[in-house]
Amino acid sequence: MIAAELAEPDDFEAWRDEARRLIMQGVAPEDAAWSDGTGAMDLFAGPSPVQSGSWREVRASLAFMDLARSAVLHVDPARLGLLYRILWRLQDRPRLLDDAADRDVVALERLAKQVRRDIHKMRAFVRFRAVTDEDGGERYVAWFEPEHRIERANAAFFVNRFASQRWSILTPRLSLHWDGAALFEGPAAARGDAPAEDAIEDLWLGYYRSIFNPARLKVGMMVKEMPRRYWKNLPEASQIPDLIASAHKRETAMIDTGTDLFAQEPAPLSLGGVAEGIARCRRCPIGCNGTRAVMGEGPELAELMIVGEQPGDSEEREHRPFVGPAGQLLDRALGEAGIDRSRAFVTNAVKHFKFAPRGKRRLHQTPTANEIDMCRWWLDTERALVKPKVILALGATGARGLLGRTPAIGRERGQAIAMADGSTVWLTAHPSYLLRLEGDAREREHARFAEDLAGLARILATITIEATHRS
Ligand code: URA
């Protein structure tokens, strides 16, 4: 047996270097004994002289490296051996990962998924409490118990998110401390090391109670999304049994009184209020992913509203809608159709960026119908404030946010759809779709997009003429 050892169990780079070394020495998976610095080691393994192996170049797809980077953080001691076996097999079968029935591939995907889920949970459920630091300044402290070894991998997220605050996250394996400029790692902590309550907690409790919508309460689902073991660390958890018990009564009361089941809070009376509301919104899982909500922008009253799908990577970073590649295409096409973007209110059906992490990249994910429907309340509020006469819906998500159903864009584009509030919805394709096309299809779809925008410009011209006649 050949021993392969990581000094730290979550050190992906160390695993990669060890794995590369073993493959280059021709060490078969069954001859490698992995240990990860936690004391769990194969009893039969021992340092033994390296056998002469077949030196070769080591190959691995990016997709594998991505999955492996997550899976390494799993607490399963067998993960390192599994990763090595897959890497070994990839040398002869570079497309192994496409075999969805392969047992190793299934196991790898399961590990990676569990770790990613844990990462997401930590981002969503860490709750900071304010304490006074030794120097009299404020520090936010949270206690969290991750299932897998995700603490270090998640640290950058919290640094980006709360860069200007001082905070500490205490966990049973280690603690992370940010002083506004540098990140420090400290020893394992105990739950009692984190403060139990303070004034901020009261705010949380009130907020949580206000967003706890009984109509959407499915007990099984809630437990899945917020496993019981996280509850003990959430200040609002103490309210959960209570809230579940009273949910049915509250729901019945809401139906009896005809209350809008989504309208749990009064609709904001200004766009500034919408911006504040969406920043706090946790109605759906996208709102819990730690990204910044992106507000619509444009005149407070606008004849034209443009509704896209959701902010993308650039939009989330710049905190403005349609500033990335799709936005640039849209701006060009609007300009060519003679429509001035600066006079339109540009927004999205979904206000948070839904993505899947792939290494350093964030890959766009399409929001589900349910997520679009939950965000619709905000879009409706924007519409009620901006009062557009014409609304351009870009793609199926934008259209669903407006119509409450998912239309076939191919069939319904270029037709005026009359809305109950007197406005007109005009559908076209999403610019991101155009960006993905090539060759003839690209030209054809660009031309159709231009035609749709020309049709929109004609409607806008009619409105302007009507307004001129009235005045
Ligand atoms: N795509 C969208 O739908 N909206 C944006 O804001 C950017 C890209």
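Based on Cβ point charges of +1 for Lys and Arg and -1 for Asp and Glu, what charge dipole magnitude is obtained for region 126-193 about its Cα centre, in debye rounded to the nearest 20? Don't jump to the answer; show the numbers that get you there.
On the way: 9 positive and 10 negative charges, 56 e Å.
In debye, rounded to 20, region 126-193 gives about 280.
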Would you mind pulling out the separation of the Cα centroids of region 278-319 and region 329-387, in Å?
6 Å
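When ranked by the protection proxy of mean other Cβ atoms within 10 Å per residue, highest first, what sequence do the peptides 398-406, 366-374, 71-79 form? Write down the numbers at each step before the final one.
Values: 398-406: 19.9, 366-374: 18.1, 71-79: 21.4.
Packing order, densest peptide first, comes out as 71-79, 398-406, 366-374.
Run the accessible area of region 2-121 with a 1.4 Å probe and give the carbon-and-sulfur part as a rounded percent. Intermediate values should be presented prior to the final figure.
On the way: 3360 of 6200 Å².
Using a 1.4 Å probe with all protein chains present, region 2-121 comes out at 54 percent carbon and sulfur.
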Using modelled backbone amide H atoms (1.01 Å from N, in-plane), which distant-in-sequence or interchain residues come within less than 5 Å of TRP143's amide H?
ARG127, LEU170
Region 126-193: Kirkwood hydrodynamic radius (Cα pairs, Å) comes out at 12.0 Å
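Rounding to the nearest 20 debye, state how big the charge dipole of region 339-387 is about its Cα centre with +1 on each Lys and Arg Cβ and -1 on each Asp and Glu Cβ. Before the final figure, lay out each step's value.
On the way: 11 positive and 5 negative charges, 74 e Å.
About 360 debye.
Averaging sequence separations of C-alpha pairs under 8 Å and six or more residues apart, then dividing by the length of region 339-471, give the relative contact order as a whole percent.
Working: 131 pairs, mean separation 24.4, N = 133.
Relative contact order for region 339-471 comes out at 18 percent.
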Considering only region 260-470, what is the antiparallel percent among its DSSP beta bridges, to the nearest 5?
35 percent
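How much of the accessible area of region 278-353, in percent, comes from carbon and sulfur atoms when a 1.4 Å probe is used?
Working: 1370 of 2910 Å².
Within region 278-353, the accessible surface is 47 percent carbon and sulfur.
For TRP15, TRP178, write out the residues from largest to smallest accessible area, computed with a 1.4 angstrom probe and no ligands counted. Intermediate results must be reported in sequence, preceding the final value.
Numbers: TRP15 0, TRP178 25 Å².
Per-residue accessible area, sorted high to low, gives TRP178, TRP15.
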With N residues in region 261-393, what two-decimal value do you get for its Cα radius of gyration over 2.2 N^0.38 Å?
1.03
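Where does region 62-205 land on Rg/Rh, using Cα atoms and the Kirkwood Rh? Write down the numbers at each step before the final one.
Values: Rg = 18.8 Å, Rh = 17.1 Å.
Here the Rg-to-Rh quotient is 1.10.
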Spelling it out for ILE2: with amide H atoms placed in the peptide plane at 1.01 Å from N, the residues 5 or more places away or on another chain with amide H under 5 Å from its amide H are ALA32, ALA33
Which listed residue (LEU435, LEU402, THR381) has the Cα farthest towards the positive end of the charge dipole for region 260-470, taking +1 on Lys and Arg C-beta and -1 on Asp and Glu C-beta about the Cα centre?
LEU435
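Please go through region 340-373 and write out the trypsin sites (Lys or Arg not before Pro) that DSSP classes as loop and that have at most 10 other C-beta atoms within 10 Å.
On the way: sites: ARG341, ARG343, LYS351, LYS354, ARG358, LYS360, ARG361, ARG362; in loops: LYS351, LYS354, LYS360.
Here the sparse-neighbourhood loop sites are LYS360.
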How large is the accessible surface of TRP88 in square angstrom, using a 1.4 angstrom probe and rounding to the nearest 10?
60 Å²
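Assuming a ≥ b ≥ c are the square roots of the Cα gyration tensor eigenvalues, decide whether region 2-121 counts as rounded (a/c under 1.5), prolate (otherwise, with a/b larger than b/c) or oblate.
Working: a/c = 1.91, a/b = 1.19, b/c = 1.60.
Here region 2-121 falls in the oblate category.
Going by accessible area, probe 1.4 Å, with all protein chains left in place, what is the ranking of PHE157, PHE162, PHE449, largest first? Intermediate results must be reported in sequence, preceding the final value.
Working: PHE157 35, PHE162 65, PHE449 5 Å².
So, going from the largest accessible area down, we get PHE162, PHE157, PHE449.
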For region 396-411, take each phi angle, set θ = phi - 60°, evaluate the Karplus expression 6.51 cos²θ - 1.76 cosθ + 1.60, and give the result in whole Hz per residue in order, putting x for glycine and proline.
5, 5, x, 5, 5, x, 8, 9, x, 9, 9, x, 7, 4, x, 8
Accessible area of VAL323, 1.4 Å probe, to the nearest 10 Å²?
30 Å²
Distant-in-sequence amide H partners of PHE345 (H built 1.01 Å from N, under 5 Å):
LEU304, MET305, ILE306
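The values are calculated or read from the model by the stated rules, or taken from the named source; none is laboratory data. Computed from a prediction, not measured in an experiment: that's the story for all the values here. Ideal geometry is used to build each Cβ from the backbone, glycine not excepted, and the neighbour counts take in all protein chains shown. Accessible surface areas use protein heavy atoms only, side chains included; no ligands, DNA or RNA. Shrake-Rupley method; radii C 1.70, N 1.55, O 1.52, S 1.80 Å.
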